[in-house]
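Participant: Sharing a structure with you now.
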Amino acid sequence: SFSTPPNVLSFGLFPRLHDTNDNPPRFDKQTYTINMTENNPIGTLVMKLNATDLDEGLNSEIVYSFTLYTSEKTQDVFALNVNTGEITVKGTIDYEDMKFYEMHIEAKDKGNFPLMGQCKVIVHVTDMNDNYPEITIQSVKNTVEENIPVGSVIALVGISDRDTGDNGKVNLLIHQTIEGSKFAELILTKPLDREQQAVHNLILTAVDGGTPARSGTVSIIVHVLDTNDNAPKFDKSIYNVKIMENSPIGSLVLHLNATDLDEGSNSDITYSYSLYTSEKTQETFNLNPSTGEISVKGMLNYEDFRIYDMELDTVIAVVSVSDKDSGDNGVVDLHIPHNMPFRLRESSDNYYELVVSEPLDREKVPEYDITFTVTDKGSPPLSDNETMTLELLDVNDNVPQFPQSFYTIRVMENNAPGALLSSLTAFDPDLHENQYLVYFILEKEIANTSMSMLFSINPENGNLYALKTFDYEIEKEFLFHIEARDSGSPPLSSNVTVHIIIVDQNDNAPVIVSPWRAHGSVVEEKIPRSTDKGSLVAKVIALDTDSVHNSRITYQFLLVTDATLFSLDQYNGEIRTMRMFSYRDPRHQRLVVVAKDNGDPALSATVTIKLSTVETAVKAYSDMTEVPLEYDIFSDLNLYLVIGLGSVSFLLLITILVTIVLKCQKAKPSKAAPPCRNSVISERNSTIADSTLVSNDAYWYSLFLAETRKGKLVVRQPDVHQIQTSLTMSSTTFYISLTRCLHFFRIEKNIHLTCVTHTFT
């Protein structure tokens, strides 16, 4: 007899897998650092970013863009190709304008629900020697007196070069190299002599230290004004003229011609008799004060006067000597010490004149003790001496002198009006009214404000006062001149440069400019709950208008809901996640950030940021599409659902175990197992099938818990055919009414689909 083979139904499931956008684009680095020189031409490639996306199709196509944290200035200088990720030069890169640029780049895929990744590109600009040194004349004396003291400041020169390093080190060349600061003084090193050089053309050259070096020049022309430092000089010291007696009145005796090397009124010469010319001589001869012509004025009689002595030199004294001896014993010789600016001139027999031979300076030697020594020619010679004290009278020939040629005065801002800044006292070595000094501020306007509105000086003692309270954030320095003038006739004066530097106080608290919020309000931000570790959440930016030292800002948390969840960079204010969010983390996070400056005492400002985490919203697609749903994974309702599911699964497991035990106790042979979840299932006994079902049930329940902890819930539509097949697996399979069921599935590429269906009432 022939037996009919049992009908065996087998089938395989070969699903076509569709990619879902579950992988965000990723950069190989979080931060890229690039060094490039300034003045690179437009179009120069800075770098090419390359983000990768493990998805396929549109889900893997990436679009690059700048984020909101990239400043407009940076976007004006650099261009980003949205498709290739190439960053190129778009504008002018100038080191003197910006030392570095910071770009925040976002890579976003083209999925229906696009995912994104971020990175930061920092471009450090290297300085090139592209700026010429600049010389600015802060103040200059284009005309100076000939007798200006050595060490006087002729000009105050400002030196600057916008480059840095060796490129910005400037040497100022005149006759020597001056390395240095922002200001250089052009100082007189030796006395001026207008008679030798009346105009000085000074070429100042500033050379920087770059390679190749760049230079700048400026010309300063200084005119030397004449001072009356040259006495008139005759071509002879003594003129001997013979004239006939009874010469007619008006007859020309001599035409004197004195010359003076000075100019202007200082070279105008007036001729006159000295005090030592006798009245008789003055009555006999006429001296024209303008031309120097000497003519006969009265009757000349040889019998009355044979010699007329007319003194036109500076005679200090007339000394007469006598000796009662006769012959050689009565011949005398008069002399004075050789180290004095005087000399003796014999005017007539036994009369000597003491005249000046060198210029006198009362400030060096106010008086002289002149010893006259007379010696005869006898044997042995006899001698006598007489000492005369000569006291010099003062003339106003010295300009006031300041101890320093340049004063730098530091004034703390917020000073009290009327505060004493410094005492600028000059010295004049002259006497009496010639040394009485009066001080003035030379008028100069800054921003339509006169210096006399800002400062005052006591005209008697040179005390300098501030008339207003200064603010470093508005006014940082002042440069002006103070003049000291004596009371002589004519008055002499000199001036000094005063540089007032306002010193900053920490009187401005930081101001938080980002994230912007109304005064006193809370900043609210929303972030995905699936945010990765290290993601940028927010960036706090604060500004301080104080000086560089006081305005240095540091950031720190004042209050944070979970200190393990967020980190704050103390220098740039970036808030980033330290880990991923878990189901235990609250949905709302409160961060209080304090921005503190570097002053003493420090000032600060705070901002409160309220972060709300949101889930990614999606909808289910087809039967085989794994999609996340909008839900709060561990809300109270879902927690109860999981507990209920666990309880039902446990009861189902117990039931299946009891069934297996009962089946093993029966003596009947096993029947062929009906097709189940495997692609192709050979004949198996029901014990194997049931145990497979039990183990797979436990697996899918564990998988569900794991996936939900990751923030994902996977859903699969029920397969009616498989449900029917499962119900006919064996005679011991229980039928449970499908009043409520949960269906789970898992899709994996390149494998068969394994299905499990839990049913419960």
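The values are calculated or read from the model by the stated rules, or taken from the named source; none is laboratory data. Only a predicted model underlies this, so the values are computations on that prediction, with no experimental measurement involved. Here the Cβ is made from the backbone with ideal geometry for all residues, glycine too, and neighbour counts use every protein chain on show. The area values use the complete protein model at the heavy-atom level, side chains included, leaving out ligands, DNA and RNA. Shrake-Rupley method; radii C 1.70, N 1.55, O 1.52, S 1.80 Å.
Participant: Given the Cα-Cα distance of Glu185 and Ser247 and 0.36 nm per residue of separation, how much length would full extension add, in nm? Could you put the intermediate results ahead of the total?
Facilitator: Working: separation 62, 0.36 × 62 = 22.32 nm, distance 6.68 nm.
So the chain would gain 15.6 nm between Glu185 and Ser247.
Participant: For region 388-393, take each phi angle, set θ = phi - 60°, evaluate the Karplus expression 6.51 cos²θ - 1.76 cosθ + 1.60, and give the result in whole Hz per residue in order, putting x for glycine and proline.
Facilitator: 10, 9, 10, 9, 8, 8
Participant: Per residue of region 526-540, in order, report the coupling 6.51 cos²θ - 1.76 cosθ + 1.60 (Karplus, θ = phi - 60°) as ³J(HN,Hα) in whole Hz, putting x for Gly and Pro.
Facilitator: Rounded to whole hertz, the list is 10, 9, x, 5, 8, 4, 6, 4, x, 6, 6, 9, 7, 9, 9.
Participant: Among the listed pairs Lys110/Lys533; Lys120/Lys596; Lys444/Lys596; Lys233/Lys364; Lys73/Lys468, which have their C-alpha atoms separated by more than 30 angstrom in this model? Kindly include the intermediate steps, with their values, before the conclusion.
Facilitator: Details: Lys110/Lys533 23 Å; Lys120/Lys596 25 Å; Lys444/Lys596 40 Å; Lys233/Lys364 24 Å; Lys73/Lys468 38 Å.
Correct reply: Lys444/Lys596; Lys73/Lys468.
Participant: Let me ask another. Under a 1.4 Å probe, what is the accessible area of region 26-126 per residue, stated in Å²? Display every interim value, and only then the final one.
Facilitator: Values: 5370 Å² over 101 residues.
Accessible area per residue, region 26-126: 53 Å².
Participant: If you don't mind, there's one more thing I want to ask. Using unit Cβ charges (K, R positive; D, E negative) and no other charged atoms, how large, in debye to the nearest 20, is the dipole of region 26-126 about its Cα centre? Spell out each step's value before the answer.
Facilitator: Values: 9 positive and 15 negative charges, 23 e Å.
Here the size comes out at about 120 debye.
Participant: Once you place label points 7 Å from the Cα toward the Cβ at Val513 and Ser71, how far apart are they in nm?
Facilitator: 0.8 nm
Participant: What net charge do the residues around Leu559 carry, taking every other residue with its C-beta under 14 Å from that of Leu559, with Lys and Arg at +1 and Asp and Glu at -1?
Facilitator: Details: positive: Arg590, Lys610; negative: Asp562.
Around Leu559, the surrounding residues sum to +1.
Participant: A follow-up question, please. For region 212-360, just list the percent of Cα-Cα distances falling in each 5 Å bin from zero outward, please.
Facilitator: Going out from 0 Å in 5 Å bins, region 212-360 shows 2, 7, 13, 15, 15, 13, 10, 7, 5, 3, 2, 2, 2, 1, 1, 1, 1, 0, 0 percent.
Participant: Distance between the C-alpha centers of region 458-484 and region 398-429? Whole Å please.
Facilitator: Comparing the Cα centres of region 458-484 and region 398-429, I get a distance of 9 Å.
Participant: Where the eigenvalues come from the Cα gyration tensor of region 106-166, what are the semi-axes √(5λ) of the equivalent ellipsoid, largest first, in whole Å? Write out the running numbers ahead of the final one.
Facilitator: Numbers: eigenvalues 742, 26, 14 Å².
Working through the eigenvalues yields semi-axes of 61, 11, 8 Å.
Participant: Only four residue types carry charge here, +1 at the Cβ of Lys and Arg and -1 at the Cβ of Asp and Glu. Report the dipole size of region 320-397 about the Cα centre in Debye, rounded to the nearest 20. Numbers along the way, then the final one.
Facilitator: Numbers: 6 positive and 18 negative charges, 34 e Å.
About 160 debye.
Participant: Any idea how far the Cα center of region 196-262 sits from the one of region 77-97, in Å?
Facilitator: 66 Å
Participant: Whose amide H sits under 5 Å from the amide H of Val540, counting only residues 5 or more places off or on another chain, with H placed in the peptide plane?
Facilitator: Glu574, Ile575
Participant: Counting only protein heavy atoms, what percent of the accessible surface of region 406-503 is carbon or sulfur at a 1.4 Å probe?
Facilitator: The computed percentage sits at 55.
Participant: Rounded to a whole number, what % of the accessible area of region 511-614 do carbon and sulfur atoms account for, probe 1.4 Å? Before the final figure, lay out the partial values.
Facilitator: Numbers: 3030 of 5590 Å².
C and S atoms contribute 54 percent here.
Participant: Then there's this: Just reorder Glu56, Glu195 by solvent-accessible area, largest first, 1.4 Å probe, all chains present.
Facilitator: Values: Glu56 110, Glu195 55 Å².
Highest to lowest solvent-accessible surface, that is Glu56, Glu195.
Participant: Tell me the trypsin sites (Lys or Arg not before Pro) within region 320-352 that lie in a loop according to DSSP and have at most 16 other beta-carbon atoms within 10 Å. Provide the component values of the computation, followed by the final result.
Facilitator: Working: sites: Lys324, Arg343, Arg345; in loops: Lys324.
Hits after loop and neighbour filter: Lys324.
Participant: Turning to a different aspect of this structure: When Lys and Arg each count +1 and Asp and Glu each count -1, what net charge do the other residues less than 13 Å away from Gly216, Cβ to Cβ, add up to? List each step's numbers first, then the result.
Facilitator: Details: positive: Arg162, Arg214; negative: Glu134, Asp161, Asp163, Asp208.
Surrounding charge for Gly216 is -2.
Participant: For region 91-144, which chymotrypsin sites (Phe, Trp or Tyr not before Pro) are both in a DSSP coil and crowded by at most 12 other Cβ atoms within 10 Å?
Facilitator: Values: sites: Tyr95, Phe100, Tyr101; in loops: Tyr95.
Qualifying residues, ordered by number: none.
Participant: Moving to a separate point now. Mind checking the full-extension length gain between Asp333 and Asn288? Use 0.36 nm per residue of separation minus the Cα-Cα distance, one decimal, nm.
Facilitator: Numbers: separation 45, 0.36 × 45 = 16.20 nm, distance 3.63 nm.
Result for the pair: 12.6 nm of gain on full extension.
Participant: Using a 1.4 Å probe over the heavy atoms of the protein chains, calculate the carbon and sulfur portion of the accessible area of region 26-126 as a whole percent. Present the calculation step by step, with values, prior to reporting the outcome.
Facilitator: Working: 2700 of 5370 Å².
C and S atoms contribute 50 percent here.
Participant: Can I ask one more? Quick one: net charge around Ala426, please, counting Lys, Arg +1 and Asp, Glu -1 for every other residue with C-beta under 13 Å from its C-beta.
Facilitator: Details: positive: Arg485; negative: Asp428, Asp430, Glu460, Glu483, Asp486.
Local charge sum for Ala426: -4.
Participant: Right, another one. Tell me, what is a quarter of the convex hull surface for the C-alpha atoms of region 26-126, in nm² with one decimal?
Facilitator: 6.1 nm²
Participant: Below 16 Å, Cα to Cα, which aspartates and glutamates can Lys169 reach? Residues fewer than 8 away in the same chain don't count.
Facilitator: Glu96, Asp127, Asp130, Glu134, Asp161, Glu179, Asp208
Participant: For the pair Asp166 and Thr84, how long in nm is the line joining their label points, each one 7 Å along Cα→Cβ?
Facilitator: Reported label-point gap for Asp166 and Thr84 is 3.7 nm.
Participant: Relative to the present Cα-Cα distance, how much length would full extension add between Val522 and Glu391 at 0.36 nm per residue of separation?
Facilitator: Details: separation 131, 0.36 × 131 = 47.16 nm, distance 8.81 nm.
The Val522-Glu391 span can extend by a further 38.4 nm.
Participant: Rounded to the nearest whole Å², what accessible area per residue is found for region 468-582 with the 1.4 Å probe?
Facilitator: Values: 5780 Å² over 115 residues.
That works out to 50 Å² per residue.
Participant: Suppose accessible area is computed on protein heavy atoms with a 1.4 Å probe; arrange Tyr439, Tyr465, Tyr351 from highest to lowest.
Facilitator: Numbers: Tyr439 10, Tyr465 65, Tyr351 110 Å².
Highest to lowest solvent-accessible surface, that is Tyr351, Tyr465, Tyr439.
Participant: Given the convex hull of the Cα atoms of region 134-225, what is a quarter of its surface area in nm²? Could the numbers behind the result be given before it?
Facilitator: On the way: hull surface 22.9 nm².
Here the figure is 5.7 nm², rounded to one decimal.
Participant: With all protein chains present and a 1.4 Å probe, how do Leu115, Leu424 order by accessible area, largest first? Working shown, then result.
Facilitator: Working: Leu115 45, Leu424 0 Å².
Solvent-accessible surface, decreasing: Leu115, Leu424.
Participant: Compute the distance in nm between two label points, each set 7 Å from the Cα along the Cα-to-Cβ direction, one at Thr217 and one at Val548.
Facilitator: 3.3 nm
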